[in-house]
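Contents: one structure, followed by commentary.
The values are calculated or read from the model by the stated rules, or taken from the named source; none is laboratory data. Since the model is a prediction, treat every value here as computed from it, not as a measurement. In this analysis, Cβ positions are derived from the backbone assuming ideal geometry, glycine residues included, and neighbour counts consider all displayed protein chains.
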Amino acid sequence: MPTLNYLCPTTSSELKKILKKKKTDSFILAGGTDLLVKIRHNVVKPKEIIDIKKIKKFNEIKLTKTQLNIGCAATLNEIAENKTIKEKFPAIADGSLSIGSTQIRNRGTLVGNLCNSSPVADTVPGLLIYDAKIKILSPTGTKTVSIHDFITGVGKNILKKNEIVESVILPLPKNTKSAFLKNARRKALDLSSVNVAVGLFNKSKKNPDIRIAVGACAPITKRAQKAEKFLKKNGLTDETIKKAAKMLPISPISDLRGSKEFRNKIAHRLFIKLATQLGEV
Amino acid sequence: MNKKFTSVGVKTKRVDAKAKVTGAAQYVDDIQFPGTLYAKVFRSTEPHAEIVSIDLEKAKKLPGVKAVICGKDFPYHTGLYHVDQYMFAMEKVRYVGEPVAAVAATSLEIAEKALKLIKVKYKKLKANYDPIKGMKKDAPLIHPDLHKYFSVPSINPKPHSNIPNHFKIRKGDPAKAFKKAHKIIENRFKVPQIQHVPLETHGAIAKTDLSGKITVWSSCQSPFTVRYLLAHCFKKQLKDFRIIAPFVGGGFGCKAGVNIEPITVALSMKCLGKPVKLILTREEEMYTIVVRQACHIRIKSGVDKNGKIIAQENEYIWDCGAYAGYGVNIVRAAGYSICGAYNIPNIKGDSIGVYTNRPVGSAFRGFGMSEIHWAIEQQMDMIAIEMGIDAVEFRKLNTLKPGSTTATCQVVTKHTGNMIACIEETAKNIGWGKKKKAGKNNYRAVGIALAQKAPAMPNNATSAAVVKLNEFGGAEVLFSGMEIGQGVMTAMGQIAAETLGISMDKVNVVGLPDTDYSPYEWQTVASRITFSCGNAVKNAAQDAIDQVKKIAAKVFECKAKDIVVQDGIIKYGKKTLPLEQVCMGYQYEDGHTIGGAIIGRGHFTAKDCINCDPKTGYSPKPVANWTYGAQAVDVEVNGETGELTIHNVSCTYDIGKVINPQGADGQAYGGIVQGMGAGIMEALVVDEKTGNVMNPSFVDYKVPTIKDMPLSMTSSFIETQQLDGPYGARGVGEHTMIPTPAAIANAVYYATGVRIQELPVTAEKVLKGLEELGKNK
Ligand SMILES: Cc1cc2nc3c(=O)[nH]c(=O)nc-3n(C[C@H](O)[C@H](O)[C@H](O)COP(=O)(O)OP(=O)(O)OC[C@H]3O[C@@H](n4cnc5c(N)ncnc54)[C@H](O)[C@@H]3O)c2cc1C
């Protein structure tokens, strides 16, 4: 019978020692809402599980003068309900809240969502528009990389086998508004057919510092730089927004969740809706 | 009837509520026996192929494996109405997921490992997923032995074809009537296969003891039919089998007939004395058990100048999937109900089942009616619109009324049911004709649809019940209608309490049958239990109370017919006697006793039901009764995304007598939500290259969640007494989901002008329609 080694470090230094010896068939467990599904479907066959939830500081959501730190064991519901995140990073709060059901969000983590690196991940568009930084822990110490360099493919990221994400760092923005919208086949417990986050980082309608990310429409969700630049130059009007919609970096596929035509249309609509809304208020 | 009821018609808490809420209720998987062996099924990975060889040897040698079996070991057939399926695939496999072999081992892990050691070689055959192609003369035969299969008399297979049943209606002279028609309107519709999605997957435990007696614990809707089919399948006596049915976590039709029981029993026969447990995973449940049949539909209607339908052609081509043991009867039910609740004098109707290499089609709440009403009720709106007549008025004009004749020429009477009242009540409750306010960029409107359904059962389907009075003047009520969530235990308790003249809290509803001890019940299907089993319980209670009165008459020295029993008191004029003093015999002061323990027995079989004529479908009474109903849905369409919001649903059913108002409302709400699921999100998708189901889990097979619920639902009931129903009642279990999809589609049309003729009505389809009309925002 297959045996499974379950490790549950309670301090970073203990974890570091474990990571030093970690092999490719050893897996990090946060909420397990992705990992357990993969184990059941035989997509991964772990010999070892490293549960990171018992390390106290990993559970923290911490605010400093310049940034917000989301620990890798903080749950999606804690994030969706966090006052600072709701105020300063609404696209991240709403993205978190849109995931699964209450039960899933009570276990699932934002960092797990990120490390799973699925193109439909609902927190990723929000992280992209806020230029999140990813703090990576390895046996030798920590380093920080940009969210824009983290995901490298469908289900792939830059993490090496003995690295974990310790936290996500969000620089505190000034004068921002943001919003997130998700389209799915039903009103709860469904993966996105399309998800969109849009943020406005200054108060200028003429030269708006707008940031856009559309998910579930490409292997890697990226910022819509062309559309952002176009709007910054040409201002935020109904017409420019419509033009910008055509510049979104999306190349959706057809699957059971929707055809590529449908996804294209919905991506445009959701973006137009959000950009218009943010421009209005 | 002016009599005041004390239990029937009174809002009553479910008698099984406490057991279910506390977790005391046991389901098959909760039953743990020491020494249990765990079963797994080896399934076909081919949609259509000859089996060249099966190698079980390696699996048999794995330590911990106690039995590995395949068709060679048990070359037996099963099938309820049409015996077309081997327990394990023999010469060929006909769908992906078909059982080919099975394993019993000391642990689930070992059983799973053993499956991997089984090797089956196939020779691929061309698979067909399209029933229209399958009907063609030169189509390859999926069942070359169809002409040799046994079917019950009401089923008409076409030898040497892919058609296991063809039901015909030939009423009046449609060709002539079409010539006279003012307008002819013809449309096509489609319904996909969908899944039942019971919360509890199929599960069974079988044990063959050393004496050879076989006990089966099964999550099933019909323990007696399971026993009957097992005895047939294994060529044994009924006494060799004992079926025990614990609580069932949802059936919806997929647990009617037999499913996994034969495999479990076969394994247990190879492991004497050991319980063998087989619980399906959700993935297996999704495509290896049974699903609702798909249907391709064409309706052509001829109307006169006043909007009366004078002729109709209805063609239902059913995708039965790989086997049709149960599905053939859905083909029949759709046949005798061919034009829905409408009075049409000239009809050409064809309901045709066709084998394909898709998952097996079978009974699903509505039993064909949900599928055909999707088409009928849209067709009615399309005619009404063409004629410029309001949809409600059009239906009132054309629906069945006393004096109308149905498709089989059955004459509707004032006792059959009152559809006009259902339509009017529904329209009133939804605010028909009043404009509904839509959000910015959105569209909103109300759609309506009707439903009719009869219990689809053999004409001799029978129910039995036993009522045992006890020392405290209460009663044990025994019957075998299964509690599958619909509230049958409560309803049977109410009927017994009412008839016995005692209060509900004195009734012990013994609802979980054991075929060795419980009275017979054919099946818990067809919305027939309140009607049929309810009658049996009422008759049994009446029998018990008649015995009470006989003894009391001696005590009171009066005639039994002058005695009444109320609130547990036996009354004759001013004289009274507590019931408990008679239940076990009446003892006089000097000690001598008359009478003894009282046991009432009752049964019920619907009278005078006649099989339909195979050439014309004619029958003056093809079914026990009809339940009519109407449903209206208020839908808002998002003009940007095509998404639907169901604001309000109102429905009205004529169910003769509401036994438990709480239960009837529950059936209405549950049916609406299940109908909404089928209406806007559900479809099983088969990859036509591989035969694999593409969405065999909840990741991509969606059913409504609490957040998708209609924002409000109202149900009302009309009570046109069913003359032979218990307290006038007839069934409503399935009817509540029948009209929902068509009502939604009709609402979407009124709101936007987009007509969706293929289920489900997804946002994607609606948005595409909006764009074609230039109405997207
Ligand atoms: C029913 C259901 C519904 C869902 N709905 C949605 C939805 O609507 N939207 C959506 O985006 N997702 C959805 N998901 C997916 C999942 O819930 C989310 O991706 C969640 O955020 C994952 O977090 P977790 O903590 O459970 O991750 P886990 O399953 O614990 O981990 C996910 C992966 O990341 C790795 N990992 C976890 N933490 C770290 C770390 N700190 N460092 C390095 N690697 C790590 C794990 O090894 C694993 O490979 C759903 C899942 C289920 C079961």
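For this structure, a couple of remarks:
- Exactly one residue among B:741, B:704, B:726 is within 14 Å of another protein chain (Cβ to nearest Cβ), modelled with pLDDT of 95 or more and surrounded by 21 or more Cβ atoms within 10 Å (Cβ to Cβ), and that residue is B:704.
- Meets criteria (modelled with pLDDT of 95 or more and part of a helix (DSSP H, G or I)) for residue B:142: no
- Note on the range B:15-69: residues that are without any contact (Cβ under 8 Å) to a residue 60 or more places away in the chain, of a type in the set (A, V, I, L, M, F, W, C) and within 30 Å of residue B:496 (Cα to Cα) amount to 3.
- Here residue A:45 does not qualify as within 10 Å of the ligand (Cβ to nearest atom), within 14 Å of chain B (Cβ to nearest Cβ) and basic (Lys, Arg).
- Of all residues in the range A:100-128, those being in contact with a strand residue (DSSP E or B) (Cβ under 9 Å, 6 or more places away or on another chain) and over 17 Å from residue A:151 (Cβ atoms) number 4.
- The range A:198-281 holds helices (runs of 4 or more DSSP H) entirely within its bounds, and those carrying 2 or more residues that are in contact (Cβ under 8 Å) with a residue 12 or more places away in the chain and within 14 Å of another protein chain (Cβ to nearest Cβ) map to A:238-245, A:260-280.
- Scanning the range B:696-733 for residues that are closer than 12 Å to residue A:256 by Cβ and free of Cβ contacts under 8 Å to residues at least 40 places away in the same chain yields a count of 3.
- Subset of the range A:191-212 [of a type in the set (Asp, Glu) and either crowded, with 24+ Cβ neighbours inside 10 Å or within 11 Å of residue A:122 (Cα to Cα) (or both)]: none
- Residues in the range A:1-38 that are within 12 Å of the ligand (Cβ to nearest atom) and within 14 Å of chain B (Cβ to nearest Cβ): A:33, A:34, A:36, A:37, A:38.
- Restricting the range B:101-128 to residues that are among the β-branched types (Val, Ile, Thr) and more than 23 Å from residue B:358 (Cα to Cα), the residue that is nearest to the other protein chains (Cβ to nearest Cβ): B:110
- Cβ-Cβ under 8 Å pairs, at least 6 apart or on other chains, the range B:96-110 side over 16 Å from residue B:274 (Cα atoms) and not assigned by TED's automatic domain parsing to the domain that holds residue B:685, far side of a type in the set (D, E, K, R) and part of a helix (DSSP H, G or I): B:97/B:284
- Residue match in the range B:506-519 (condition: within 30 Å of residue B:586 (Cβ to Cβ) and assigned to a helix (DSSP H, G or I)): yes
- When the range A:48-67 is filtered for residues that are within 20 Å of the chain's Cα centre (by Cα) and either under 20 Å from residue A:161 (Cβ atoms) or near the ligand (Cβ under 9 Å from one of its atoms) (or both), the ones remaining, listed by number, are A:52, A:53, A:58.
- Scanning the range B:439-471 for residues that are in contact with a Cys (Cβ under 8 Å, 6 or more places away or on another chain) and surrounded by fewer than 24 Cβ atoms within 10 Å (Cβ to Cβ) yields B:459, B:470, B:471.
- Single residue of A:34, A:25, A:94 found to be without any contact (Cβ under 8 Å) to a residue 60 or more places away in the chain and either surrounded by fewer than 18 Cβ atoms within 10 Å (Cβ to Cβ) or among the acidic types (Asp, Glu) (or both): A:25
- Residue within the range B:727-734 that is among the basic types (Lys, Arg) and under 20 Å from residue B:423 (Cβ atoms) present: yes
- Note on the range A:91-181: enclosed strands (runs of 3 or more DSSP E) holding 1 or more residues that are touching a Ser or Thr at 6+ places or on another chain (Cβ under 9 Å), away from chain B (no Cβ under 14 Å) and within 10 Å of the ligand (Cβ to nearest atom) are A:133-138, A:164-171.
- Qualifying residue in the range B:584-604 (condition: assigned to a helix (DSSP H, G or I) and on the phi < 0 side of the Ramachandran plot): no
- If you go through the range B:286-309 and keep only what is surrounded by fewer than 20 Cβ atoms within 10 Å (Cβ to Cβ) and either on the phi < 0 side of the Ramachandran plot or not assigned by TED's automatic domain parsing to the domain that holds residue B:350 (or both), you end up with B:298, B:300, B:304, B:305, B:306, B:308.
- Any hit, the range B:605-619, residues being outside any loop (DSSP other than H, G, I, E, B) and farther than 19 Å from residue B:416 by Cβ: yes
- Selection of first residues in the range B:757-777 that are at the interface with chain A (Cβ under 9 Å from one of its Cβ atoms) and of second residues that are surrounded by 20 or more Cβ atoms within 10 Å (Cβ to Cβ) and of a type in the set (A, V, I, L, M), restricted to Cβ pairs under 6 Å at least 6 apart or on distinct chains, gives the following pairs, ordered by first then second residue: B:776/B:770.
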